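Before any comments, here is the structure.
Just so it is clear, none of the values below were taken in a lab; they were calculated from the coordinates. All values derive from a computational prediction rather than experimental measurement.
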Amino acid sequence: MGLTVTRRRVLTHPDDAHAIVYHLIVVAAYALAFYLYLLPERAGLDGPWERAAFVAASALMLGWISGIDVGVN
């Protein structure tokens, strides 16, 4: 009884490249959000309410795009 081993080549389908590009965009969004969180004066976030709004919006958007990223990849 011989077993046939099929190898699936990586990045053979055009959608594979799109998934990688989208993942890199997600990682860049995280990096930018953390950069702005650590240096709020760069983004013009002066008060505590502005920072709280930034954190809330960032958490919502990063969670949303991460959910899409999990589904894509």
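Here are a few things to note about the model shown:
- Remark: relative contact order (segment 4-73) = 41 percent; criterion is Cα-Cα distance under 8 angstrom and separation of 6 or more residues.
- Mean residue ellipticity at 222 nm, helices only, the chain: -25000 deg cm²/dmol; runs of at least 4 DSSP H residues each add -39,500 (n - 2.57), and the sum is divided by the number of residues.
- Gyration tensor verdict on segment 22-69 (Cα atoms; rounded if a/c is under 1.5, prolate if a/b is larger than b/c, oblate otherwise): oblate
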